[in-house]
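Read-outs throughout are calculated quantities, based only on the coordinates presented, and are distinct from any laboratory measurement. Bear in mind the structure is a predicted one, so any value in this text is a computation, not a measurement. So basically every Cβ, Gly included, is an ideal-geometry build from the backbone, and we count neighbours across all protein chains shown.
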Amino acid sequence: MSSIATAPAAKAQIDPKLIVPAMNSVKAVFETMVKVAVQIERPTIKATPGVSYDVSGIIGLSGDLTGSIVLSFPTASATKLVSAFAGCELDPKSPEFPDAVGELANMIAGGAKKAFGFRANISTPNVVIGAGHKIARLSDVPCVVIPCKTAMGDFAVEINIKQIGVAADANR
Amino acid sequence: MMKILLVDDSRTMRNIQKRALEALGPIEVSEASDGVEALTVIAGAPDGFSFMMIDWNMPNMDGITLVRKIREKDKATPLIMATTEAEKTRVIEAIKAGVNNYVIKPFTPEEMIGKVKATLAKKVA
């Protein structure tokens, strides 16, 4: 597993109200749909512009929250985890592979969005596959990496979100 | 035989739903990847469907728009929204548009079948 370059949280702060919902959503999605336990490691702030791994499912947010949530896997982990999700072996070269990655990212972002408590919309997923790809991010907020471990391999969730509006009563 | 329409832009999700729906017994499943395609499938199915499962966030035509368009002509077919949109305001919006039930992703096959059975039981009652 390649190491993820992160920086100590000197200037940027990790906002728990934007991170804890994402952590809970990751566990709910993987434990329900992939049937694998997820060990969430300590979130840190990303120091480098690239994504953590080779396969990324990207969900954009708009509305009172803006930014992105990225689900990032090494190819080997992605292959095992999305195959377990899909219920059949998926080849990373097949069209079903990015579809499954995107759907996992969609569910994680959707679950987190509800818990954020803001009026926000999520985009349909985009999936990028290839080592060393970079994703444009908001530069005025930190990108928080949540490392995740499972018996089928590791992955990471990267949160780069800025609050624009006030917390809504979407859940009342 | 129960005829079902699954509308979701994720083929993976449609396959997961299909496998879960086999618990209902013999079924015939039609699929669409967005609202526009769904309307074409519906127009080509003169006998209609026993129920439809519809995602919310899809390209070309989203699920809530599709529900409203279906309900312009068809008030009877049970419609179940299967989506990540979990806020209470979204659920209310979907019910006002005409869905009969709502299942939030992620869901277990048992949760999904439970919602389907509850929906169909209300239709019979």
Only Lys, Arg (+1) and Asp, Glu (-1) charged, at Cβ; region B:2-124 dipole about Cα centre in debye = 420
What is the fewest-to-most order of A:ILE159, A:ILE164, A:ILE58 by other Cβ atoms lying within 10 Å of their Cβ?
-> A:ILE164, A:ILE58, A:ILE159
With a Förster radius of 35 Å, plug the Cβ-Cβ distance of A:ALA47 and B:LEU24 into 1/(1 + (r/R0)^6) and report the FRET value to the nearest 0.05.
-> 0.10
Partner chain coverage, peptide A:103-110 - average Cβ within 10 angstrom = 6
Say R0 is 35 Å: what FRET efficiency, to the nearest 0.05, do A:ALA76 and B:GLU111 get from their beta-carbon distance?
-> 0.70
Relative contact order [Cα under 8 Å, 6+ residues apart], region A:14-163, whole percent | 38
Size of charge dipole - the protein assembly as shown - debye, nearest 20, with Cβ of Lys, Arg +1 and Asp, Glu -1, no other charges | 740
Please label the shape of the protein assembly as shown as rounded, prolate or oblate, based on the square roots a ≥ b ≥ c of the eigenvalues of the alpha-carbon gyration tensor (a/c under 1.5 means rounded; beyond that, a/b larger than b/c means prolate, else oblate).
-> prolate
Cα-Cα P(r), region B:2-124, percent of pairs per 5 Å interval = 2, 12, 24, 28, 22, 10, 2, 0
So the angle from the long Cα axis of helix A:75-86 to the longest Cα principal axis of chain A, reported in degrees to the nearest 10, equals 90
What order, most packed first, do the peptides A:110-117, A:89-96 have when packing is the mean number of other Cβ atoms within 10 Å of each residue?
-> A:110-117, A:89-96
Each label sits 7 Å from Cα toward the beta-carbon; between A:GLU89 and A:ALA37 the label points are separated, in nm, by 2.8
Remind me, relative contact order of chain B in percent, using alpha carbon pairs under 8 angstrom and six or more residues apart?
-> 23
What is the average number of partner chain Cβ atoms found within 10 Å of a Cβ in B:77-87?
-> 4
Here FRET efficiency (C-beta to C-beta, B:GLU72 to A:SER62, R₀ 41 Å, nearest 0.05) is 0.90
Mean ellipticity per residue at 222 nm, deg cm²/dmol - from DSSP H runs of n ≥ 4 across chain A, formula -39500 (n - 2.57) = -9000 deg cm²/dmol
Alpha carbon centroid spacing (whole Å) that separates region A:82-97 from region B:84-125 | 27
Of B:MET58, B:VAL29, B:VAL91, farthest towards positive along the dipole that unit charges on Lys, Arg, Asp, Glu beta carbons give region B:19-125 | B:VAL91
On alpha-carbon atoms, Rg over Rh for chain A using Kirkwood Rh?
-> 0.94
Surpassing 19 Å at the alpha-carbon level, of the pairs A:LYS35/B:LYS105; A:LYS80/A:LYS149; A:LYS35/A:LYS114; A:LYS17/A:LYS162; A:LYS162/B:LYS105, are A:LYS35/A:LYS114; A:LYS162/B:LYS105
What angle do you read, to the nearest 10 degrees and between 0 and 90, between the alpha-carbon axis of helix A:96-116 and the longest principal axis of chain A?
-> 30
What order, most packed first, do the peptides A:137-144, B:4-11 have when packing is the mean number of other Cβ atoms within 10 Å of each residue?
-> B:4-11, A:137-144
Averaged over B:103-109, number of beta-carbon atoms from partner chains that fall within 10 Å = 5
